[in-house]
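The values are calculated or read from the model by the stated rules, or taken from the named source; none is laboratory data. None of these values were measured; they are calculated from a predicted model. Quick reminder, even Gly has a Cβ in these numbers, built from the backbone with ideal geometry, and neighbours come from all protein chains shown. Only protein heavy atoms, including side chains, enter the accessible area calculation; ligands, DNA and RNA are left aside. Shrake-Rupley method; radii C 1.70, N 1.55, O 1.52, S 1.80 Å.
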Amino acid sequence: MKVVVEFMETGRYKDRVWEPSFHTGKGSLRSVSPSYAAQLINQCKAKLYINEDGSAAIEH
């Protein structure tokens, strides 16, 4: 399961050790692991993307 976040800062990020890093821009949406989403949100580098119905966007 992954959650969708909206990035607040342009930069290079890496979700998991075995995955390649990725570059993303401010305002970009990307699915990441729940633990990485929590880390990014805590650091104010991203915010949780919310669907129109008010629920968190999740990918299975």
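What to note about this one:
- Amide H within-cut-off set for Ser28, under 5 Å, with H built and near neighbours excluded: Phe7
- Fraction of accessible area attributable to carbon and sulfur, the chain (%, probe 1.4 Å): 51
- Report summary: the helix-based calculation at 222 nm, which adds -39500 (n - 2.57) for every DSSP H run with n ≥ 4 and divides by the residues of the chain, gives -4000 deg cm²/dmol.
- Modelled label reach - Phe22, point 7 Å along Cα→Cβ, the range 34-60 residues with backbone N closer than 17 Å: 34-41, 45-50, 57-60
- Phi to ³J(HN,Hα) by Karplus 6.51 cos²θ - 1.76 cosθ + 1.60 over the range 23-40, Hz, x for Gly, Pro: 9, 9, x, 4, x, 6, 9, 7, 8, 9, 5, x, 5, 6, 4, 4, 5, 5
- When P(r) over Cα pairs in 5 Å bins from 0, in percent is calculated for this entry, the matching label among [x] 3, 14, 9, 9, 8, 7, 8, 7, 7, 6, 6, 5, 4, 3, 2, 1, 0; [y] 4, 17, 30, 22, 14, 6, 4, 1, 0, 0; [z] 4, 20, 31, 28, 13, 3, 1 is [z].
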